[in-house]
Structure formats: C-alpha cells, structure tokens
Amino acid sequence: MDRSGRSSVAKGTALNADPASQGRLLDLQALDSALDRLAHRRRTLPELATIESLGARVREVADALVVAQTLESDLAREQSKAEADVDQVRTRAERDQQRLDAGSVSSPKELENLQSEIASLAKRRSDLEDVVLEVMERRELAQADVASLAGERDKISAELDAATARRDELFAEIDAEAAATSAARAAIAPDIPAELLALYEKIRASSGGVGAAALHRGRCEGCHLALNPGDLAHIHDAAPDAVLRCEECRRILVRTPESGL
Ligand SMILES: [Zn+2]
C-alpha cells in the first residue's frame, strides 16, 4: 500500500482521523439530518397553516358579530323609543276620550277641537305603530344575523381548538423524537476529534446541512456525483486515516466497505 506520494489526495484538508472516527461522523450526520428533518416538519406542519387561516376567520367573524350586535342594540333602543312614543300618544288619546265621555266639555268649539285631536292622535298612533313594526322586523333580521354569526364563530373556534390540540400533540411527538435523537448525538460527538467535528460543522452550515457523506460505489452521497477514475485512484491510495473531501461538493468524503475502491 503506497501512502507516501499521495498526500495531494486529501485535497483541501491536511486533517487525519482514524477510520472509526470517520465512520462515527457518518452516524453523526445521519442524526443531524434526522434533527433537521424534525425541525423542518415542526415548522411546516399543515396544522400551522390551518390554525393561521382559522384564526383569521375567527377574528373576521368576531368583528362581523360586533357589528351585528351593535346594530341589534341600536334597533332595540329605536324600538323602545318608538314604543314609548306610541304609549305617550295612546295615554293622551285616552285622556281626551275620558274628557269627552265625561261630558265635561260643553263648548262646541272645544268639543270639535277635542274630537279633531282624538282623530289626529289615532292617525299618529297608527303611524307610530307602523314604525314599531318596521323596527321590530329589522331587529329580528339583526337578531338572526347575531345568532348565525355567533354560531359560525363557535363552530370555527371549535375547529381552531381541535387544530391547536392536534398541533400540540404533533409538537410533543416531534420534540420527544428530537430529544432522543439529540441524546444519541451527544453520545456520539465525543468519539469524533474536535478538529474533524469543527470542519464538519463548518461545511454542514454552508452545504445544506450535509457536512460529511459516504463514498458509495464510486459516488459521493453528498452531491450524488460519480467520482472520476483519477480521483478514485487517488482515494484508493490515500492513507486510511486521511480525511478526504469530495472534489465536487467539498464535503468530507468518508470511505466505507461499500465505497467501490
Ligand atoms: Zn460530493
């Protein structure tokens, strides 16, 4: 095995680490990738979008409900006022009628005025009663709106609560899996030399989360490109503890029994 004139193989790094440590780096990478997938899943749960849209809908319906409730209470006040107007006119008409019935008005002129007032009060009362009816109809519509919006709000709120509970359930599952994966990672990390770990982290940060990849059947599993025969020959001849990097993607390239060398 020629390990002498092939130092140029470990292109980009003069780092050495025993093959077992390099193998552990692949295990670490697998756990880091799993953690990344969990974090991604946590951020992109469909429940999050559902919660957001249901939350917006709840606010929208709640706002419409306030408008409908305000209209309904305005109409309730309007109805009370119209009813009070009717009462006032009725009281006055009754008083006039009593005076007429009591026969206490003797002057024909005064009698005529009284009868004319009773007639005009009757007309006024009828008009005011129409107003009351019209307001009551509008109020009934407003009450129906309030009831329908309140029902809709309750329905959407229940859906929101269910989606929130489902999200929390999934968060708990993901967090438990992440905690177990982190623990496994913490158990492996000390097996890897600090310098190699630092290089791995640096590459990982700039290469989509993958800092180390296996060389599998002549192909880099980081960039999935097949290495050319020249590079494979260099790798074949490289010292087992040389830390190699892929010429294409610059990731740490770890040899395994399936590397095809
Ligand atoms: Zn590569």
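The values are calculated or read from the model by the stated rules, or taken from the named source; none is laboratory data. Remember, it's a predicted structure, so these values are computed and weren't measured experimentally. Positions of Cβ are generated from backbone atoms using ideal geometry, with glycine treated the same way; all protein chains shown enter the neighbour counts. Please note that ligands, DNA and RNA were not included when accessible areas were found on the heavy atoms of the full protein model with its side chains. Shrake-Rupley method; radii C 1.70, N 1.55, O 1.52, S 1.80 Å.
The residue list ALA180, GLN98, THR70 was ranked by how far each Cα lies along the charge dipole of the chain toward its positive end, using unit charges on Cβ atoms, and ALA180 comes out on top. For the chain, which whole-number percentage of the solvent-accessible area (1.4 Å probe, protein heavy atoms only) is attributable to carbon and sulfur atoms? With neighbouring chains kept in place, the figure for the chain is 53 percent.
Each residue, THR70 and ALA176, gets one label point 7 Å from its Cα in the Cβ direction; the gap between the two is 4.8 nm. Peptide packing: for 245-252, 15-22, the average count of neighbouring Cβ atoms within 10 Å per residue gives the ranking 245-252, 15-22, highest mean first. Ranking GLY23, SER80, VAL61 by Cα position along the charge dipole of the range 18-101, where only Lys, Arg, Asp and Glu carry charges on their C-beta atoms, puts GLY23 farthest toward the positive end. Entry for the range 112-178 at q = 0.13, 0.14, 0.23, 0.25 Å⁻¹: log10 I(q)/I(0) = -0.66, -0.69, -0.93, -0.98, Debye formula applied to identical alpha-carbon scatterers, no solvent contribution.
Other residues lying with their Cβ under 14 Å from the Cβ of THR50 contribute a combined charge of -3, Lys and Arg counting +1, Asp and Glu -1.
Helical content alone sets the calculated 222 nm signal of the chain at -26000 deg cm²/dmol, taking -39,500 (n - 2.57) per DSSP H segment of four or more residues and averaging over every residue. The ratio of the alpha-carbon radius of gyration of the chain to the globular-protein estimate 2.2 N^0.38 Å is 2.35.
Compared with the alpha-carbon gap, the fully stretched path from ALA165 to ASP130 is longer by 7.4 nm at 0.36 nm per residue. Express the relative contact order of the chain as a whole percentage, based on alpha carbon pairs under 8 Å and six or more residues apart in sequence. Once divided by the residue count of the chain, the mean separation gives 38 percent. What the Cβ-Cβ distance of GLU140 and GLU83 gives, at R0 = 22 Å and to the nearest 0.05, is a FRET efficiency of 0.90.
With one equal scatterer per alpha carbon and no solvent term, the Debye-computed log10 I(q)/I(0) for the range 74-128 at 0.24 1/Å reads -0.87.
Neighbours of GLU112, meaning other residues whose beta-carbon lies under 15 angstrom from its beta-carbon, give a summed charge of -1 when Lys and Arg score +1 and Asp and Glu score -1. Label separation (ALA184 vs SER148): 5.5 nm, computed from points 7 Å beyond Cα along the C-beta direction.
Modelled this way, with points 7 Å down the Cα-to-C-beta line, the labels at ALA119 and ASP63 are 5.6 nm from one another. If the segment from ALA226 to GLU258 were pulled out straight at 0.36 nm per residue, it would be longer than the present Cα-Cα gap by 10.1 nm.
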